[in-house]
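Notes for the one structure printed next.
The values are calculated or read from the model by the stated rules, or taken from the named source; none is laboratory data. Note that this is a predicted model, so its numbers are computed, not measured. With ideal geometry, Cβ positions are generated from the backbone for all residues, glycine too; neighbour counts draw on all protein chains shown. Side chains included, ligands, DNA and RNA excluded: accessible areas come from the protein's heavy atoms. Shrake-Rupley method; radii C 1.70, N 1.55, O 1.52, S 1.80 Å.
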Amino acid sequence: MGNCFTLSPTARALSISKKNKALPIETTFQLPSPLPIWPSGDGFASGIINLGGLQVRQTSSFTKVWATHEGGPDNLGATFYEPSNVPQGFFMLGCYSQANNKPFFGWVLVAKDDSGGALKKPLDYTLVWSSESLKIKQDGNGYIWLPTPPDGYKAIGHVVTNSPDKPSLDKIRCVRSDLTDQCEAHTWTWGPGNTSDANGFNVYSLRPSNRGIQAMGVSVGTFVAQIGGVVSPLSNIACLKNAKSNLSCMPNLKQIEALFHAYSPWVYFHSEGNILAFISSNLPQGGSNDGAYWLDLPIDEGAKERVMKGDLGNSQVCVHIKPMLGATFTDIAIWVFYPFNGPAKAKVKLVNVPLGKIGEHVGDWEHVTLRVSNFNGELQRVYFSEHSGGTWVDASELEFQNGNKVVAYASLHGHAFYSKPGLVLQGSGGIGIRNDTEKSKLVMDTGVNYSLVSAEYLGSAIVEPAWLNYNREWGPKLSYDIAEEIKKVEKLLPGPLKSAFEKFVNSLPNEVLGEEGPTGPKMKKNWIDYGDFRAEREKDVEEAAIHPHSKKRGGDIFWAVALACTIFPDLKETIMEKIEELVSGVMMPLFFLIGGLRVKVAQIAYNTSWANVCLIIALAFVPKKNKALPIETTFQLPSPLPIWPPGDGFASGIINLGGLQVRQTSSFNKVWATHEGGPDNLGATFYEPSNVPQGFFMLGCYSQANNKPFFGWVLVAKDDSCGALKKPLDYTLVWSSESLKIKQDGNGYIWLPTPPDGYKAIGHVVTNSPDKPSLDKIRCVRSDLTDQCEAHTWTWGPGNTGDANGFNVYSLRPSNRGIQAMGVSVGTFVAQIGGVVSPLSNIACLKNAKSNLSCMPNLKQIEALVNAYSPWVYFHSEETYLPSSVSWFFVNGALLYKKGEESKPVAIEPTGSNLPQGGSKDGAYWLDLPIDEGAKERVMKGDLGNSQVCVHIKPMLGATFTDIAIWVFYPFNGPAKAKVKLVNVPLGKIGEHVGDWEHVTLRVSNFNGELQRVYFSEHSGGTWVDASELEFQNGNKVVAYASLHGHAFYSKPGLVLQGSGGIGIINDIEKSRLVMDTGANYSLVSAEYLGSAIVEPAWLNYSREWGPKISYNIADEIKKAKKLLLGPLKSAFEKSVRSLPNDVLGEEGPTARWWLIRWWLGLAGVVFSDLYSQSTSPPPTRDPPHGHGLKEIPTPLERTTPRPSLPPSLAVPDPNGLEVTHPCRSRPGRERPTPRPSLPPSLAVPDPNGLEVTHADLDLASPNSPNEFELAKKGSPEVELGLEVVEPCRLVAEKILVAEINLK
């Protein structure tokens, strides 16, 4: 490469041997022009770099050792070389390999010991692989050896020979461990097949595991050869490290100028495109993407139009210089600014479609990055940014102009950069965004006018312009309606293409849609990121979450006619006319013929073209499409995910569980489906993950009921510790649908893997064939990396309700859940015949074995998450008692009372600093409203304008998810209303109390930051709702509805009856003008995993009552209510109220509900669905209590799951994956909730174990389980917990049922 590549005589002789067709690798690539003589400086382009105890050179002088002419990329084989002409004192560290499908362009480093003991000979060699048994074209046999390093040393590469004899120990050197860094497999170079085989032999190029400006890992140019899946980072081979963090080899200012003059790109714009400009200004410095500032075009329409078009003559690019790969390379990032990004165009099959305003936004930054070797200044690779991604292209595949200047092409309107002209379709399946590039007369030489804006390693030598540190939006958020723009476009498309087009557009990132204003270069991920920036784009951009739900109906003729009608509008009218002729000229005469009338054939055909008649008849017999199942629609959040601020592991795509790396994938292939049975009797669909990344393996299939839009995922895993994963020994057929007499797509077969000893199956394999699956299809996981799991939601069974003695499919979840629990949901399912046993013995979930919390969001990422998803809360139009901030409650007269000193209440400081800290529910202190009646009335009503929500961030499900609990405080809870059969009954003062805490909890995936579920607290219970069933507003912000007076949260407006048997508390919810944007004013009060980064407010650790004990007469309130009821209802109403114990009626303190239930159930407590593990009945189906109209739901019971390591008496309730944190709401009309001593508005009750208990975890028979109460009332066996026996479920259910009906 450059001027330094030479072939040895042996290699030259080999290269001139006759071949049928020259391979690309037989041509050596050189830059079009010789390298210039670089200006003088310290170490740049000096040929040698000192890494600290080790000097290294980059050599491209090789001797060919062995080659194969089949396998690998394009099935052209690969060639293996060893460095030649190694300078005196330097030693080879490993051989080089390259696929044959590209011109030769490679190098390796050779090293010299500069400190004594940095290099040592290997002790021996291990034969990794030989080609002796290989039946493909090859130049003799090849042997690949791994050096055995001495203790304290590492092998850096392999030795390749063409002889079975071990290489000389003097041939290669190993490097002392402190001078090395971890590395990972990168690009697939070769394998015997034309695609990589996860279980076969493969050769990969290497790169450091840690990359970026500050990372010191050094690429050596060697490769790794191994049999089986890729393990990352590698344990048997390392890369080098710049141990002294030496930056003297980076270019100085004069050298930067010379580099830019040599390589600065020529950029060609489309002949129809707008041009660019450069902007700088006196802008606010620093900050974040917080919406406080943004830039926009001029107000004057003429000026706006002019600025939008930019000015090519006044354009200037911005240059950022940064060290890469341990400062052995220099990256020259060339940023181009456009004042405006134009509208996009789509290609839908054969139709080109303008997308209206979609794609338009003010301000657009794109870049080309040149990677240059610091050994000699030679250009190695170029990165072309393409919207939110990009592509690295080797110098050997670039186009050059005027010497070594790179040519880049900017796409029409969107400005994405490409290395070649033409059309690039950003999408798949013939549908995507058009990126049109061409070589036109609109061209810019970036080297003519550029500004060096940053080179951090040069310190004060470069003064960054003020605009570079403007960290806000470079354009406003656009207000056009994406849905409206889609509708306009869909009018141009035939029916079958409309849904496919809409699905595609909704999957586009913000950068393409243009709704959000972009940030400047310094806020981009790749300003400091490693060289790959984003995953390199494949030739065809993969579409996310592909799964073939829809059936092909009508065949190719349907599509042909539909497309023809689009392209030729007149044809549509012709076909419609022929349909009319068919009816009048064919069908009606046929009818009369059947009726006995005579009609001539000529009259039947009359003026109809028989070709058209045949077409219409064919179309007439196309089966009518049945109503689409909900699952045939894939759910996507309304807006694309933002680019999250940088951090450790959050939203990085991979989480390391300790010996096992996992990815979350939503890309599936449909395997089998049934169209009956399961929830709503709509059947279920079974999938297996597709497009599994190299080195990762499926752990189980995914299933989903057909009654919801498709929205699912599973984890795929990669062995990170050697032996974490193993193939199953065999399969057991659990069940097949062969004898099933319902609608199904063929037959389905569900198999359970038989794991090796010491391993666990994590999921099932589903097939549509009776043949056993391949043992290579799935992996089992080593037992120490797994945890117990349990059946959760009923997904499917042949009937429309679960059959305790039949076949059922359930989703899975870890048995132990909560902040400290490390069980990880995998997304798989369990299929079994007979009752559910919990925990399961034949299937496990994963475990975060290293308790790794690095994938949790940092403060900037938390801010971005709240900004993206924070709910809009709608209050009832008649709501009197609105929320406020806690400090507003204190400042406006809330008082602290102390037992024995009731006559001397104390005003509370705004921060609550004078509240007693810690303590317990001992009645020693409580809060109350102001004494003055006017002030009391005002404080009771709250102040929506001064409201502030409190946010608690916590890890869940082994830190693979983040829960964002958003707590809302109300100074007062209003009176309740009951529904007794057909009569609505006001309950007087029942339900009134001072202080009320409610919350909405957002569950976000730590793999990608996507919202998965939301928990709506409903009095002392709550409901989880999948993201696919939520209402959104302003992008991805969730909508929540607060009930009148009681403030319970629901996901839909309407009327919810909390009770059963036609008697219960009314929850009225509606969308009114009273609305709160929780993201506008919030306080992050706790995130325990961040340690001291969050200082909890003093009031959070006040653990006593937030309201006084209520003193009204319950009997009087009941009498008032009875007056409104008919005779038969009076006794039922009174009986239910009278049966309540005094402690529930309000004689106990604010945490009475929680401690009461614990007392009732003995020790830790059990919810009825937990008892099913003791019985043969499956958990009842739950219908969410959301939606319009009246829904009847039972009042919730609190559920607990004892942790195995604790005695049942000390168990912490966390069955739903939310650790139980809050205020156990008191019964309506009773004393108030108390926040916990050391946790946030988890505001949880003090737990005797010192573990957090959150009320959200209760999922307590959350108000969506009517059947639980019915089952409970029929009676269940006593359940033994620890050494004590819980009261029979029937009695417990009666007590709680009565309490809820009458008090709520």
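Could you compute the FRET efficiency for Asp757 and Asp680, with r as their C-beta to C-beta distance and R0 at 45 Å, rounded to 0.05?
Numbers: r = 43 Å, r/R0 = 0.94.
E between Asp757 and Asp680, to the nearest 0.05, is 0.60.
With unit charges on the beta carbons (Lys and Arg positive, Asp and Glu negative) and the dipole taken about the Cα centre of region 347-452, which residue among Leu379, Phe400, Phe417 sits farthest to the positive side?
Phe417
Quick one: grab the alpha carbon gyration tensor of region 957-1000, order the square roots of its eigenvalues as a ≥ b ≥ c, and give me rounded if a/c is under 1.5, else prolate or oblate depending on whether a/b is larger than b/c.
Here region 957-1000 falls in the oblate category.
Could you report region 814-919's accessible area per residue, 1.4 Å probe, as an integer in Å²?
Result: 37 Å² of accessible area for each residue.
Determine the principal axes of the Cα atoms in region 172-232, then give the extent along each, sorted from largest to smallest and rounded to whole angstroms.
That works out to 37, 28, 17 Å along the principal axes.
Quick one: the Cα spread of region 29-113 along its three principal axes, in angstroms, biggest first?
Sorted largest first, the three principal extents are 45, 32, 19 Å.
With a point put 7 Å past each Cα toward its Cβ, work out how far Thr126 is from Leu458 in nm, to one decimal.
4.8
So for region 899-1055, Kirkwood radius off the Cα pairs, Stokes-Einstein at 10 °C and 1.306 mPa s: how many µm² s⁻¹?
Rounded to a whole number, D works out at 86 µm²/s.
In a solvent-free Debye calculation with one equal scatterer on each Cα, what is log10 I(q)/I(0) for region 808-891 at q = 0.10, 0.21 Å⁻¹, listed in the order of the q values?
Relative scattering, expressed as log10 I(q)/I(0), comes to -0.56, -1.05.
Once you've got the Cα coordinates, tell me which of Lys120/Lys850; Lys64/Lys718; Lys899/Lys989 are over 30 Å apart.
From the list (Lys120/Lys850; Lys64/Lys718; Lys899/Lys989), the Cα-Cα distance tops 30 Å for Lys120/Lys850; Lys64/Lys718.
Using the C-alpha atoms of region 755-814, what convex hull volume per residue, in cubic angstrom, is computed?
124
If I take all pairs of Cα atoms in region 325-396, what percentage of them are more than 18 Å from each other?
So the pairs more than 18 Å apart make up 56 percent of the total in region 325-396.
Stokes-Einstein diffusion coefficient for region 312-361 at 10 °C in a medium of 1.306 mPa s, Rh from the Kirkwood formula over Cα pairs: what value in µm²/s?
In µm²/s, the coefficient rounds to 109.
Check Gln98: other-chain or 5+ apart residues with amide H under 5 Å from its amide H, H built from backbone geometry?
Thr79
Using a 1.4 Å probe on the protein chains only, how many percent of the accessible area of region 926-1023 belongs to carbon and sulfur?
That share works out to 52 percent.
Towards the positive end of the charge dipole of region 803-918, with charges on Cβ (+1 Lys, Arg; -1 Asp, Glu), say which of Ser825, Ala849, Gly893 has the farthest Cα.
Farthest towards the positive pole: Ala849.
Which order do the peptides 420-428, 647-655 take when ranked by the mean count of other beta-carbon atoms within 10 Å per residue, highest first?
647-655, 420-428
Mind listing the long-range amide H neighbours of Ser454? Cut-off is under 5 Å, sequence gap 5 or more, other chains count too, H placed in the peptide plane at 1.01 Å from N.
The answer is Val319, Ile321.
Sort region 769-861 into rounded, prolate or oblate with this rule: let a ≥ b ≥ c be the square roots of the eigenvalues of the Cα gyration tensor; rounded if a/c is under 1.5, and if a/c is not under 1.5, prolate when a/b is larger than b/c, oblate otherwise.
It comes out prolate by the Cα gyration axes.
How do 1018-1029, 973-984 rank on mean C-beta neighbours within 10 Å, highest first? Provide the component values of the computation, followed by the final result.
Working: 1018-1029: 23.7, 973-984: 19.0.
Top to bottom by mean Cβ count within 10 Å: 1018-1029, 973-984.
Convex hull over the alpha-carbon atoms of region 1021-1061: what's its volume per residue in Å³?
99
Enter the Cα centre distance for the pair region 402-436 and region 704-747, rounded to the nearest angstrom.
Cα centres, region 402-436 to region 704-747: 40 Å.
Within the accessible area of region 316-448, what % is carbon and sulfur when the probe is 1.4 Å and the other protein chains stay in place?
Exposed carbon and sulfur together represent 53 percent of the surface.
Quick one: accessible area per residue over region 126-259, 1.4 Å probe, rounded to a whole number of Å²?
Computed with neighbouring chains in place, this is 39 Å² per residue.
Using only the alpha carbon atoms of region 645-767, find the Kirkwood hydrodynamic radius as the inverse mean reciprocal pair distance, in angstroms to one decimal.
Answer for region 645-767: a Kirkwood hydrodynamic radius of 16.2 Å.
Carbon and sulfur together cover what percent of the accessible area of region 689-751 at a 1.4 Å probe radius?
C and S atoms contribute 50 percent here.
Once you have the Cα-Cα distance between Leu253 and Ser428, take 0.36 nm times their residue separation minus that, and quote the gain in nm to one decimal.
On the way: separation 175, 0.36 × 175 = 63.00 nm, distance 4.47 nm.
Full extension of this stretch gives 58.5 nm more.
Among Gln88, Gly53, Leu146, whose Cα lies farthest out toward the positive end of the dipole of region 37-185, if unit charges sit on the beta carbon of Lys, Arg (+1) and Asp, Glu (-1)?
Positive-end residue among those listed: Gln88.
Working out 0.36 nm times the residue gap between Asn469 and Asn768, then minus their Cα-Cα distance, what length gain in nm do you get to one decimal?
Full extension of this stretch gives 101.8 nm more.
Test of understanding: what is the full-extension gain from Ser841 to Asp803, defined as 0.36 nm times their sequence separation minus their Cα-Cα distance?
Full extension from Ser841 to Asp803 adds 11.6 nm.
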